[in-house]
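Below: one structure, written as structure tokens.
The values are calculated or read from the model by the stated rules, or taken from the named source; none is laboratory data. Given the structure is predicted, the values throughout are model-derived calculations rather than measurements. For neighbour counting, all protein chains shown are included, and Cβ atoms are generated from backbone atoms with ideal geometry for every residue, glycine included. Heads up: the accessible areas ignore ligands, DNA and RNA and are worked out on the full protein's heavy atoms, side chains in. Shrake-Rupley method; radii C 1.70, N 1.55, O 1.52, S 1.80 Å.
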Amino acid sequence: MLIATGEENKLLPLTATMPSPMVPVVDRPVMVYAIELLARAGIRDIHVSLYEQANAIESYCGHGERWSVQLHFLLQRAACGAAGALKRAEALVTETFIVLPADRMIDLDIGAALRFHRAHGGIATAILTRTTDTAEAPSGYATVDAQGRLLDLGATAAGRKVYSYTGAFIFEPAVLSYIAAQGVQECHIALLAALRQAEKTVYGYVMDGYWNPLLNFSDYQAAQLAGLGSAGRNPQVEPSLRIRHPYLEAGEMRPGIWAGPNSSIHPTAQLRPPLLIGAGCRSGP
């Protein structure tokens, strides 16, 4: 399940003319990274929740043929949050499923996360990431015990490492019965609270891969540098800032410099990597 509703008010004014899942990271929409992540894990059946500027996403993605997946679009008429979007797909969910935000960068090892989920035998796993001094967590913070059980950030969390919610989850279909039928509801708030109230254990899987919430333009610039640095196989890029399977549609004209089709670059132009020159761009002397 891809949450591509674009309900978060971020990256304005860029998102005034395009939905947040279509914001380009290097030369492809950020949503494409999530689709490819699922495809590489062998997940071919993908439901996509849409709300803001839905036509732009449908027009670009089609039915998913270019990634060898099947995209099923679920159009919302009102904002309802990530958990609300899951509730609207309840009739379609019959097995273990993964939820990914389509407007954040998350380089998750899905196979490892699924093994963790199946090993603990619970109905819910929140995907967490290690926090940094500058990281903002749009979905809040969490901590876990030695068995990976999610704990409230209260007295029981004293002395424990604190992690960020990524917005990704692995669920069993049974969790959907704990989501109210109406209202704006988020997974990390309303759904997890309902599960705790029902005394259902929720687990937290701490991922090692790259994560970026793309909340602001500092995040956005960092994502561009991570994409270019990973594609250029730059050994100076820290592992935590490296995307495992980078791919650029532009051609690499020299190490660390890519140019899109129909671009024109004057021979005297000074180009310094890492650099992407978009399709149809022209640079003078």
Let me spell it out: the conditions are (1) open to solvent by 30 Å² or more (accessible area, probe 1.4 Å); (2) under 14 Å from ASP27 (Cα atoms), and ILE265 meets all of them except one. Which number is the exception?
(2)
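Out of the residues in region 33-59 that are free of Cβ contacts under 8 Å to residues at least 12 places away in the same chain and assigned to a helix (DSSP H, G or I), state the one that is least open to solvent (accessible area, probe 1.4 Å). Step through it out loud before you land on a result.
If we filter region 33-59 for residues that are free of Cβ contacts under 8 Å to residues at least 12 places away in the same chain, which is where we start, we get 42, 55, 59.
Checking which are assigned to a helix (DSSP H, G or I) leaves us with 55, 59.
On the way: ASN55: 117, SER59: 97 Å².
This residue is SER59.
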Residue in region 195-216 that is touching a residue at least 12 places away in the same chain (Cβ under 8 Å), within 22 Å of MET31 (Cβ to Cβ), out of contact with any helix residue (DSSP H, G or I) (no Cβ under 8 Å at 6 or more places or on another chain) and not in a loop (DSSP other than H, G, I, E, B) present
yes
Breaking point among (1) over 27 Å from THR15 (Cβ atoms); (2) modelled with pLDDT of 85 or more; (3) not in a loop (DSSP other than H, G, I, E, B), for THR166
(1)
Criterion first (of a type outside the set (S, T, N, Q), modelled with pLDDT of 95 or more and open to solvent by 10 Å² or more (accessible area, probe 1.4 Å)) does ARG118 satisfy it?
yes
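Identify all residues within region 1-23 that are closer than 15 Å to SER59 by Cβ and either open to solvent by less than 20 Å² (accessible area, probe 1.4 Å) or not in a loop (DSSP other than H, G, I, E, B) (or both); write none if there are none.
We begin by selecting, within region 1-23, every residue closer than 15 Å to SER59 by Cβ; these are 4, 6, 17-19, 21-22.
ALA4, GLY6, PRO19, PRO21, MET22, listed by residue number.
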Every residue in region 94-123 that is touching a Phe, Trp or Tyr at 6+ places or on another chain (Cβ under 8 Å), part of a loop (DSSP other than H, G, I, E, B) and β-branched (Val, Ile, Thr), please.
THR96, ILE123
Before we move on, is VAL69 farther than 26 Å from ALA190 by Cβ, in contact with a strand residue (DSSP E or B) (Cβ under 8 Å, 6 or more places away or on another chain) and open to solvent by less than 40 Å² (accessible area, probe 1.4 Å)?
yes
Residues of region 84-115 being surrounded by 13 or more Cβ atoms within 10 Å (Cβ to Cβ), out of contact with any Asp or Glu (no Cβ under 7 Å at 6 or more places or on another chain) and β-branched (Val, Ile, Thr), in sequence order, are VAL93, ILE98, VAL99, ILE106, ILE110
